[in-house]
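Coordinate-derived values only; no laboratory data. Everything quoted here is computed from the prediction, not taken from an experiment. When we count neighbours, we look across all protein chains shown, and the Cβ atoms used for this are built from the backbone with ideal geometry, even at glycine.
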Amino acid sequence: MALVLGDGGQGIAFIVAFGVVMEIVAAFCSSPQTTEINIGKRAKTLMKWVHMGQAVSVVLIIIAAAIDRKHRLAILAGGAAAMVTVEGMYLHAKEAGLANQGAETEEY
């Protein structure tokens, strides 16, 4: 399939793909790694913020699935897969950080 300039769908697909790559790289490189390193100071609020993000994600995924009925199943499956992945990443970061506490990067 050729990229057709002027086709609104192509622009949306491009920006979504760009945004997804940015989010995945940010999620894998920054937050869980920082959480693992600094869990001693972040353990109390860590999962609260992860779950707040998950709640916002649920709302956005439901809205997207309602708007785009043709792709509803893929949207719901992709959203669920991402939520399970993120939950697992943060649970692992928390457990690994508590089990192997080393030098933290934050000072208070």
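Roughly how many nanometres apart are two label points built 7 Å out from the Cα toward the Cβ at R69 and H92?
Those two pseudo-labels are separated by 3.9 nm.
Is there a quick way to get the dipole size of region 38-96? I mean about its Cα centre, with the Cβ of Lys and Arg at +1 and of Asp and Glu at -1; what is the value in debye to the nearest 20?
Details: 8 positive and 3 negative charges, 33 e Å.
Using only the charged Cβ atoms, the result is roughly 160 debye.
If the chain between M83 and A26 were fully stretched, how many nm would it gain, using 0.36 nm times the residue separation less the Cα-Cα distance? Display every interim value, and only then the final one.
Details: separation 57, 0.36 × 57 = 20.52 nm, distance 1.50 nm.
Residue separation times 0.36 nm, minus the Cα-Cα distance, leaves 19.0 nm.
Taking just the alpha-carbon atoms of region 38-96, what radius of gyration and Dmax come out, in angstrom?
14.0, 46
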